[in-house]
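Reading through the structure tokens given below for one structure.
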Amino acid sequence: MQLFSFLSLLIVLSFYNNALAFDIKQAAPVQAPIAQAQPKAAAVNIDALPLSMTLKKTAVQQGQYFEVDITGAEKNPLVWFNSESFLAFKVGDKAYKALVPVENLTKPGSYVILARTGGWEERIPVKVLDNRKPIQYIYLDPDKSSLEATNKEINEISSAFRLKTEEKYAQGKFSYPSTAVKSSPFGVKRSYNKAPVDSYHKGLDFAGKMGSPVFAPADGKVALTGLEKDGFQVHGNTILIDHGHALSSIYLHLSKIDVKKGDMVTKGQKIGEVGHTGISTGPHLHWGTYLYGTSVDPELFVKGD
Ligand SMILES: [Zn+2]
């Protein structure tokens with residue numbers, strides 16, 4: 001029963017991956033980044049205000065993120081990694097920060113983080129390390145591959161993940177959204193029917209009982225609620241919270257939703273209840289955390305560095 005439940009969940013996540021895959025390649029590649037006109041740097045006295053980039057770590061694992069700080073900038077710099085660009089957010093006077101996600105299936109090896117604003121740019125070599133998450137080899141009955149996310153759930157979730165809110169709602173470390181035991185960690189890689197690994201578990205699961213409370217792990221603004229009966233047939237009853245600065249979190253398979261889109265929520269506030277709506281055969285909470293729409297390990301925000 002538990003295995004069946006798990007397999008069903010895998011199917012959900014498989015479609016989830018596919019549904020959002022198109023969202024990842026929007027940015028122009030690093031090789032040709034100056035597509036749009038760049039503002040003139042003439043007004044800035046570079047000598048008086050030296051621009052510089054620092055990284056908290058220059059090597060992180062798959063499914064983690066690079067913490068990039070840029071000082072001396074007059075406007076939000078763009079940070080590039082692995083052919084994607086990320087808008088850095090203002091965190092102080094001429095100070096900007098970006099948490100640059102490393103997708104869980106990024107090939108381990110050497111990369112470059114590049115930051116650019118006006119006429120300035122800086123590159124720092126970085127490494128992506130294999131997180132050595134186990135690979136699950138899944139064999140699916142072809143009949144079961146008919147389960148599909150609706151356009152409504154795909155589109156609404158995708159657009160919520162594109163939010164780049166300048167206000168940072170979440171402060172400090174996250175708390176867990178459930179007091180139940182964890183049942184499945186983030187990042188376990190999957191191979192379906194002997195094909196190469198192409199998906200992974202994009203969240204952390206809690207084996208919460210039906211109706212047990214789900215709490216906001218940090219302050220934020222409800223960016224989306226979706227109901228199974230209104231077309232969220234794969235994700236089930238869903239809440240997505242925008243924590244600001246391109247960090248968001250998602251809660252799936254809920255039995256009850258206590259908040260609505262636009263509500264401000266505070267850390268520890270009850271937002272809903274555990275259920276098994278959508279493609280899920282047993283009650284559990286799936287909790288995902290995303291940076292710029294890319295799934296990263298929720299434990300990073302609870303435990304910190
Ligand atoms: Zn899950």
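Here, each number is a calculation from the coordinates, and none is a lab measurement. Keep in mind that this is a model prediction, so the values were computed, not measured. In this analysis, Cβ positions are derived from the backbone assuming ideal geometry, glycine residues included, and neighbour counts consider all displayed protein chains.
Computing FRET efficiency as 1/(1 + (r/R0)^6) for Ser83 and Lys182, where r is the C-beta to C-beta distance and R0 is 30 Å, gives about 0.35.
Taking other C-beta atoms within 10 angstrom as a stand-in for reagent exposure, Glu67, Glu166 fall in the order Glu166, Glu67, fewest first.
Distance between the 7 Å Cα→Cβ label points at Arg132 and Lys270: 4.2 nm.
For the set Lys75/Lys182; Lys164/Lys229; Lys75/Lys229; Lys107/Lys164; Lys133/Lys209, the pairs lying more than 32 angstrom apart at their alpha carbons are Lys75/Lys182; Lys75/Lys229.
Legend: residue pairs Lys57/Lys194; Lys194/Lys303; Lys261/Lys303, Cα-Cα distance threshold 32 Å; pairs beyond threshold, Lys57/Lys194; Lys194/Lys303.
Beta bridges from DSSP with both residues in the range 52-129: antiparallel share about 90 percent, rounded to the nearest 5.
Post the alpha-carbon centroid distance, the range 96-112 to the range 132-202, in whole angstrom. Going from one Cα centre to the other spans 18 Å. When Asp69, Asp141, Asp242 are arranged by Cβ crowding within 10 Å, least crowded first, meaning fewest neighbours, the order is Asp141, Asp69, Asp242. Shown for Tyr292, Tyr137, Tyr111: other C-beta atoms within 10 Å of each C-beta, ranked fewest to most, produce the order Tyr137, Tyr111, Tyr292. What FRET efficiency comes out for Lys94 versus Asp230 if R0 is 41 angstrom and r is the Cβ-Cβ distance? Round to the nearest 0.05. According to the calculation, E is roughly 0.35. Go ahead and run the numbers for FRET between Glu121 and Asp198, Cβ-Cβ distance against an R0 of 35 Å, rounding to 0.05. Step by step, r from the Cβ atoms, then E = 0.55. For the range 77-139, the set of trypsin sites (Lys or Arg not before Pro) satisfying both a DSSP loop assignment and a count of at most 13 other C-beta atoms within 10 Å is given as Arg132.
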